[in-house]
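**Q** Supplied in structure tokens, the structure appears directly below.
The values are calculated or read from the model by the stated rules, or taken from the named source; none is laboratory data. These numbers were taken from a predicted model, which means no experiment stands behind them. Please note: Cβ atoms are built from the backbone with ideal geometry, for glycine as well, and neighbour counts cover all protein chains shown. Note: areas computed on protein heavy atoms with side chains; ligands, DNA, RNA excluded. Shrake-Rupley method; radii C 1.70, N 1.55, O 1.52, S 1.80 Å.
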Amino acid sequence: MRLDYLSIFPGYFDVLGISLLGKAAVNGLVDVYAHDLRDWTHDRHRTVDDTPCGGGAGMVMKPDPWGEAFDEIIGTEPDPSVHVVFPSPSGEPFTQSVAHDLSSVERIVFCCGRYEGIDHRVIDYARSMWTVHEVSLGDYVLNGGEVAALAITEAVVRLVPGFMGNPQSLAEESFSAGQDGLLEYPLFTRPVSWRGLDVPEVLMSGHHGRIAKWRRDESIRLTRERRPDLTDSDVSARH
Ligand SMILES: COc1cccc(Cn2ccc3ccc(-c4cc(N)[nH]n4)cc32)c1
């Protein structure tokens with residue numbers, strides 16, 4: 001998998017050389033390339049923004065640098081196998097399902113906007129050429145797309161076959177398909193007693209059926225308390 005990042009702050013992506021992602025890069029599972037959008041400007045000030053047409057606060061990112069960067073980094077021929085991700089507060093929700101879909105593609109280009117956002121024609125042009133995902137991380141506003149791109153990267157790359165040492169741990173996580181859309185149950189490890197707090201006895205019983213029931217009950221309880229939006233009537237009935 002090749003990952004490209006277009007940003008006026010490419011240094012954000014130096015962190016991708018660390019930890020598991022670093023290992024994936026070393027193992028050849030993932031190739032990471034960060035690009036400075038200003039390398040595709042031609043004025044002395046390396047200008048990437050301008051005032052919004054129609055007025056309004058803030059600045060908008062000019063389309064020209066993006067277009068020239070696309071030409072050099074991706075190419076000038078349409079190719080739907082290239083997935084271009086625009087993090088945006090007005091994007092579709094980024095979910096585990098989207099992460100799963102992206103984990104099987106060969107190439108992802110992250111376009112990290114700043115200011116008030118990117119000239120919309122850039123997104124329209126990208127849609128005419130590649131497979132585009134305008135995605136939101138959640139209902140809060142960041143200062144740009146870089147942090148969102150890092151979060152999306154981690155969610156996607158950890159699902160790439162061969163990346164995680166123990167793929168079984170993926171299957172048991174919250175939001176993974178096998179969990180019926182329930183939140184993960186509470187986790188414990190040794191010591192059994194810690195600062196007056198004990199591991200639930202059932203988990204030390206060695207009775208796998210009771211342990212499985214306790215865990216499911218806890219997932220249902222937590223999901224009903226914290227994420228009623230995840231429990232539809234059918235799921236509630238089953239639980
Ligand atoms: C209406 O759009 C905006 C209004 C004010 C500020 C900004 C700042 N900004 C610029 C590019 C950019 C890309 C992504 C995000 C973002 C994504 C999520 N989930 N939150 N914030 C925010 C971004 C944008």
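**Q** Might you check whether a residue that is within 16 Å of the ligand (Cβ to nearest atom), part of a strand (DSSP E or B) and under 21 Å from residue 133 (Cβ atoms) occurs anywhere in the range 61-68?
**A** There is at least one residue in the range 61-68 that is within 16 Å of the ligand (Cβ to nearest atom), part of a strand (DSSP E or B) and under 21 Å from residue 133 (Cβ atoms).
**Q** For the range 96-112, state whether one or more residues are within 16 Å of the ligand (Cβ to nearest atom), in contact with a Gly (Cβ under 7 Å, 6 or more places away or on another chain), assigned to a loop (DSSP other than H, G, I, E, B) and assigned by the TED database to the domain that holds residue 149.
**A** yes
**Q** Which of the residues belonging to the range 84-100 are more than 19 Å from residue 9 (Cβ to Cβ) and open to solvent by less than 30 Å² (accessible area, probe 1.4 Å)?
**A** Passing the criteria: 91, 99.
**Q** While we're here: Evaluate the following for residue 67: is it without any contact (Cβ under 8 Å) to a residue 40 or more places away in the chain, surrounded by fewer than 18 Cβ atoms within 10 Å (Cβ to Cβ) and in the same structural domain as residue 123 (by the TED database)?
**A** In short, no.
**Q** What are the residues in the range 120-160 that are of a type in the set (Asp, Glu) and either in a strand (DSSP E or B) or more than 12 Å from the ligand (Cβ to nearest atom) (or both), if any? Can you show your working first?
**A** Our first condition is that a residue be of a type in the set (Asp, Glu); within the range 120-160, this holds for 124, 134, 139, 146, 154.
Answer for the range 120-160, where residues must be of a type in the set (Asp, Glu) and either in a strand (DSSP E or B) or more than 12 Å from the ligand (Cβ to nearest atom) (or both): 124, 134, 154.
**Q** Which condition does residue 206 not pass, out of (1) modelled with pLDDT of 95 or more; (2) within 28 Å of residue 158 (Cβ to Cβ), if it passes all the others?
**A** All conditions pass for residue 206, except number (2).
**Q** Please go through the range 1-24 and pick out each residue that is assigned to a helix (DSSP H, G or I), touching a strand residue (DSSP E or B) at 6+ places or on another chain (Cβ under 6 Å) and open to solvent by 20 Å² or more (accessible area, probe 1.4 Å).
**A** Going through the range 1-24, the residues assigned to a helix (DSSP H, G or I) turn out to be 10-17, 19-24.
Right, trim to touching a strand residue (DSSP E or B) at 6+ places or on another chain (Cβ under 6 Å) and you get 10, 13, 16.
Selection gives 10 alone.
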